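Read through the structure below, which is laid out as structure tokens, and then see the notes.
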Amino acid sequence: MLRGLYGAASGMMTQQRQQEALSNNIANANTPGYKADQTAIRAFPELLIQQSGGQNTIPTTQGGFNPSDSRPLGGMNTGVYVQETIPRFSQGDITESGLPTDVAIQQREVPDENGAIFFAVQNGDGDVRYTRNGNFTIDADGYLVTSQGNYVLDENGENIQTNGTVDTITPEGVIPTADGDTALGMQYVADVNTLTKEGNDLFDGDAEAVPAEAAFALQQGALEQSNVNTEQTMADMMDAYRLFESNQRVLRVYDESLGKAVTEVGRLT
């Protein structure tokens, strides 16, 4: 009976994790460049149940029964768990914002099936990170930064000094300034599944310069929206809630049965 308790409890915890991921997706549905999380749910290893003992069983010298006297009863699943949470990197819709510092990546073709193109930025610790959120602005010192204040990097890994204004950003990512042209440090990740999501639309991992065979264009005055499908996400949240309730009812039934076993059965004996 306790196995049933564990199975129902694992189902409740799994649906809770699923609900948390879906809620985070809904909360970021309007965040530019946000990539929706999807959970990978796996089952614990299945166990083979065997019956031991009976009228014809013979105890071994070590005690117990000879395994040859047991017979298989079938498999038993021991529960489920969330193995990992994986971002989905499909292209989001492009919408115009009218702000000259906003930039959207229109990814057309990449050499790798799971490849993607990102902006390179510098986080508060000075480390290079990657993002699809092109909602940029200019700080008090004239540097191009993200909405969280992270420096946007150029092709040489340096901060971009705009002298207080950005008039033009070409489709190739070149920003003409009075001090000369500066190119955005676009980076390419061959396998986005190797990236680690850090929050604030930042990803950590290995990247390289965009290969020549990759086709993309930057659109100034526009933003790539999140790839969250709000209608589907709401439906998935309802499914997760119903599954949580189902496991909760199973857990309650087991709890009541254990209560009867402790009180009523014990009193009869």
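The values are calculated or read from the model by the stated rules, or taken from the named source; none is laboratory data. All figures in this text were calculated on a predicted structure; none of them were measured in a lab. Ideal geometry is used to build each Cβ from the backbone, glycine not excepted, and the neighbour counts take in all protein chains shown. Keep in mind that these areas ignore ligands, DNA and RNA; they rest on the heavy atoms of the full protein, side chains included. Shrake-Rupley method; radii C 1.70, N 1.55, O 1.52, S 1.80 Å.
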Pair list, Cβ < 7 Å and 6+ apart or interchain, from region 117-134 residues that are more than 26 Å from Glu213 (Cα to Cα) and modelled with pLDDT of 95 or more to residues that are of a type in the set (S, T, N, Q) and in a loop (DSSP other than H, G, I, E, B): Gln122/Asn150
Scan of region 139-184 for residues that are more than 30 Å from the chain's Cα centre (by Cα), closer than 13 Å to Asp102 by Cα and of a type in the set (A, V, I, L, M, F, W, C), ordered by number: Val166, Ile169, Ile175
Is it true that some residue in region 105-112 is over 30 Å from Asn247 (Cα atoms), open to solvent by less than 20 Å² (accessible area, probe 1.4 Å) and among the acidic types (Asp, Glu)? no
Please verify whether Ala104 is touching a residue at least 40 places away in the same chain (Cβ under 8 Å), among the small types (Gly, Ala, Ser) and either touching a Phe, Trp or Tyr at 6+ places or on another chain (Cβ under 8 Å) or closer than 20 Å to Ala215 by Cα (or both), treating the condition exactly as stated. yes
Scan region 1-41 residue by residue and report those that are assigned to a helix (DSSP H, G or I), more than 24 Å from Asp93 (Cα to Cα) and within 13 Å of the chain's Cα centre (by Cα). Arg17, Gln18, Gln19, Glu20
On the given criteria, is Asp239 among the acidic types (Asp, Glu) and modelled with pLDDT under 90? no
Of the residues Glu84, Glu96, which single one is closer than 30 Å to Phe136 by Cα and either open to solvent by 60 Å² or more (accessible area, probe 1.4 Å) or modelled with pLDDT of 70 or more (or both)? Glu96
Of all strands (runs of 3 or more DSSP E) fully inside region 132-239, the set with 3 or more residues that are open to solvent by 20 Å² or more (accessible area, probe 1.4 Å) is 174-177, 180-183, 196-199, 215-220
Across (1) modelled with pLDDT under 90; (2) surrounded by fewer than 13 Cβ atoms within 10 Å (Cβ to Cβ); (3) touching a strand residue (DSSP E or B) at 6+ places or on another chain (Cβ under 6 Å), Thr57 clears everything bar (2)
Mind telling me which of the residues Ser68, Ser10, Ser52 ends up being in contact with a strand residue (DSSP E or B) (Cβ under 9 Å, 6 or more places away or on another chain) and either at pLDDT below 65 or surrounded by fewer than 12 Cβ atoms within 10 Å (Cβ to Cβ) (or both)? Ser52
